[in-house]
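Below is one structure, written out as structure tokens; comments come after it.
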Amino acid sequence: MAAFPNPIVAHAFTWASRWEEGEIRRAIERAAALGFAAIVIPLRDPASVPAERVAAWCEAAAIAPIGVSGGTPAADVSSPDRETAARGRERLALALARTRDMGARQLNGLLYGPLGKAARRATGDDRRRSADALAELAGAARPMGVRLALECVNRYETNLLNTAAQGLDHLALIGEEGVFLHLDSYHMNIEEESPEAAIAAAASAGRLGFVEFGESHRGRLGTGSVDVAAVARAIARAGWRGPVGLEFFSAGVSAAEIRNTLSIWRDLFADGDDVASGGKKLVEDALAAAWTSVMA
């Protein structure tokens, strides 16, 4: 038996500075060469992703794809404007189709609303519109064999789901199986009183779908304030065996759209292989120690 049961997942943006076919393929091949079990493929513009070719590249590299997508201000399922909400539903439907066509079995991300700082506090009506759209999406995803994982992110990136508790409330509103939470240490480090308690709550509810390690400054893992060992212990203590991702950004590597959207202004790393392999080893060692302690 492996020292820990969690598959370790890379993110394509660790390598891809431009979202074009050559960059996508290179990211897949580098992640596979470094021994990752899966790779997150962003669907920021779902129509532009060559899903069938991604499926072929992943099959050839023996690595599993995972989709990630979300809304935009102009295509927002939580919006009170009917046309904007309709565009949001169309965008999510296309992202789901691309996820299926890539051969992926999970779609992560801000599926519930747009990425970006909001001008006001979310209302109950915003949440209901979002939940209704996601119930529809979950129904469409079920026969495809795809599950959804909603990412809870910080207050500067959404006004809807900042914490695991809000996420669990939203899942109750959606009222569908096959919808889970995506928890990221970068965001939890900002919003949660205890990232460990957030992981435990989602796992005990049977609704934890993805845990991602991102450092407090979004660069090299282990050089900021995120407690990698504590997050690993929370995973093991919960007995959660699902996928664990690594996500990194750097001004010198990330595409301009990503830099500007996420405020990545510093050159936090230059070599994707180096930051990915170092983060992978750190997380693998932490998980191995955590699971060994739990099983002792």
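The values are calculated or read from the model by the stated rules, or taken from the named source; none is laboratory data. Given the structure is predicted, the values throughout are model-derived calculations rather than measurements. Don't worry about glycine lacking a Cβ; one is built from the backbone with ideal geometry, like all the others, and counts go over all protein chains shown.
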Going through region 199-224 in order, the residues found to be more than 18 Å from the chain's Cα centre (by Cα) and closer than 25 Å to ASP273 by Cβ are GLY222, THR223, GLY224
Being at pLDDT 95 or above, crowded, with 20+ Cβ neighbours inside 10 Å and more than 20 Å from THR99 (Cα to Cα) narrows GLU151, GLU215 down to just GLU215
If we keep only residues of region 13-29 that are aliphatic (A, V, I, L, M) and at pLDDT below 95, then the residue farthest from GLU247 (Cα to Cα) is ILE24
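Yes/no per residue for (1) over 18 Å from ARG147 (Cα atoms); (2) within 19 Å of the chain's Cα centre (by Cα); (3) in a loop (DSSP other than H, G, I, E, B); (4) not small (Gly, Ala, Ser):
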| site | (1), (2), (3), (4) |
| --- | --- |
| SER69 | no, yes, no, no |
| SER79 | yes, no, yes, no |
| THR84 | yes, no, no, yes |
| GLY88 | yes, yes, no, no |
| LEU92 | no, yes, no, yes |
| ALA95 | no, yes, no, no |
| THR99 | no, yes, no, yes |
| ASN108 | no, yes, no, yes |
Quick count over region 139-148, residues being out of contact with any Phe, Trp or Tyr (no Cβ under 8 Å at 6 or more places or on another chain) and either of a type outside the set (A, V, I, L, M) or surrounded by 23 or more Cβ atoms within 10 Å (Cβ to Cβ) (or both), is 5
Residues in region 1-35 that are assigned to a helix (DSSP H, G or I) and among the hydroxyl-bearing types (Ser, Thr, Tyr) total 1
With respect to ILE39, determine if the residue is in a strand (DSSP E or B) and either surrounded by 15 or more Cβ atoms within 10 Å (Cβ to Cβ) or more than 20 Å from the chain's Cα centre (by Cα) (or both). yes
Conditions (1) charged (D, E, K, R); (2) surrounded by 22 or more Cβ atoms within 10 Å (Cβ to Cβ); (3) more than 30 Å from ALA200 (Cα to Cα) -> GLU257 fails only (2)
By residue number, the members of region 43-54 that are within 24 Å of LEU150 (Cβ to Cβ) and surrounded by fewer than 21 Cβ atoms within 10 Å (Cβ to Cβ) are ARG44, ASP45, PRO46, ALA47, SER48, ALA51
Over region 141-158, the set of residues farther than 19 Å from GLY116 by Cα and basic (Lys, Arg) is ARG142, ARG147
**OP:** Using the structure shown, decide if THR72 is of a type outside the set (A, V, I, L, M), in contact with a helix residue (DSSP H, G or I) (Cβ under 9 Å, 6 or more places away or on another chain), surrounded by 23 or more Cβ atoms within 10 Å (Cβ to Cβ) and in contact (Cβ under 8 Å) with a residue 24 or more places away in the chain.
**Re:** no
